[in-house]
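This report refers to the structure that appears directly beneath it.
The values are calculated or read from the model by the stated rules, or taken from the named source; none is laboratory data. Note that this is a predicted model, so its numbers are computed, not measured. Cβ sites come from the backbone with ideal geometry, for glycine too, and all protein chains shown count toward neighbours. Note: areas computed on protein heavy atoms with side chains; ligands, DNA, RNA excluded. Shrake-Rupley method; radii C 1.70, N 1.55, O 1.52, S 1.80 Å.
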Amino acid sequence: MSTIQRKGREAIEQLERQQFFNKRRKQVDAAWAEYITEVYDRVDKEDEKPYHYGFDALSAQTDAFVRREAEKWARSCRKYRLYEDDFESHFRYTVVKAALKYDGQRGTFFDLLGTAIKNAGRDLVRNALTKKNRINHLALSIDDESASKKVAKIAAPHTTEDIVLPRLIIAEMETDTSLTEQERQLFEFLKADPDATLQEMADALGVRDRKQASRVKQRMADKLRKYYED
């Protein structure tokens, strides 16, 4: 292939990529418009949970992108015990947050989402690093009385109400008879470490499969939802 032919092919491929992304921008932005219109309509009708409806089209249009980005981030973050399902769950939540934040005035939602997903990935990794550093620091200072007092002071609530109501709700959850022993074990673990990854949950439960831990978490959440939803 001559230089002219190669450059011609490269130009055609670049044009095709540009046409593909232009098409994707239109499809994703149309799905965003459908979702946000539904939200506004339900807000006008004073729906208590307007954000829970009309998301199917946007979810379908962003699904492949979310999965691809989750896989990419997971490949480079194994050493932080972050896995594909951790990123995928976080990114799906990011799609909703970005959809509600976007005002339709600057750029496209497609481009905003790309930036939002990148930032969300960095935040998840940063949180994992911070957690690791906290654990390392705790291991070094656990016997330091002044450090213990400092931590206790920082963790102290500002008012009685700040802690009494949550404790009452948590106490009710702990005694919920519908929870299985495994679900109760996971509840106690998450109470101590609410930012735990699925792999950490699996380790705490003694199961090898993160999907199994995810299923236990979902069953537990379904049973306890009555305590924190109207």
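Structure notes:
- Residues that are free of Cβ contacts under 8 Å to residues at least 40 places away in the same chain and either outside any helix (DSSP H, G or I) or touching a strand residue (DSSP E or B) at 6+ places or on another chain (Cβ under 6 Å) (or both), drawn from region 93-111: Asp103, Gln105, Arg106, Gly107
- Taken over region 79-129, the residue count meeting the criterion of being among the aliphatic types (A, V, I, L, M) and in contact with a Lys or Arg (Cβ under 9 Å, 6 or more places away or on another chain) is 4.
- Unmet criterion (only one of (1) assigned to a helix (DSSP H, G or I); (2) open to solvent by 40 Å² or more (accessible area, probe 1.4 Å)) for Ala128: (2)
- Restricting region 73-92 to residues that are free of Cβ contacts under 8 Å to residues at least 12 places away in the same chain and over 21 Å from Asp63 (Cβ atoms) leaves a set whose member that is most open to solvent (accessible area, probe 1.4 Å) is Lys79.
- Failed item in (1) of a type in the set (Phe, Trp, Tyr); (2) buried (at least 20 other Cβ atoms within 10 Å of the Cβ); (3) within 30 Å of Ala202 (Cβ to Cβ), with Phe110 passing the rest: (3)
- Some residue of region 52-65 being closer than 25 Å to Asn22 by Cβ, more than 16 Å from the chain's Cα centre (by Cα) and open to solvent by 70 Å² or more (accessible area, probe 1.4 Å): yes
- Filtered residues of region 16-47 (kept if within 13 Å of Leu113 (Cβ to Cβ) and of a type in the set (Gly, Ala, Ser)): Ala31
- Pairs where the first residue, in region 52-67, is in a loop (DSSP other than H, G, I, E, B) and the second is of a type in the set (D, E, K, R) and open to solvent by 50 Å² or more (accessible area, probe 1.4 Å), C-beta under 6 Å, 6+ apart: Tyr53/Glu38; Gly54/Glu38
- Candidate set from region 194-225 (those that are part of a loop (DSSP other than H, G, I, E, B) and in contact (Cβ under 8 Å) with a residue 24 or more places away in the chain); member that is most open to solvent (accessible area, probe 1.4 Å): Asp195
- Residues located in region 1-51, provided they are at pLDDT below 80, hydroxyl-bearing (Ser, Thr, Tyr) and in a helix (DSSP H, G or I): Thr3
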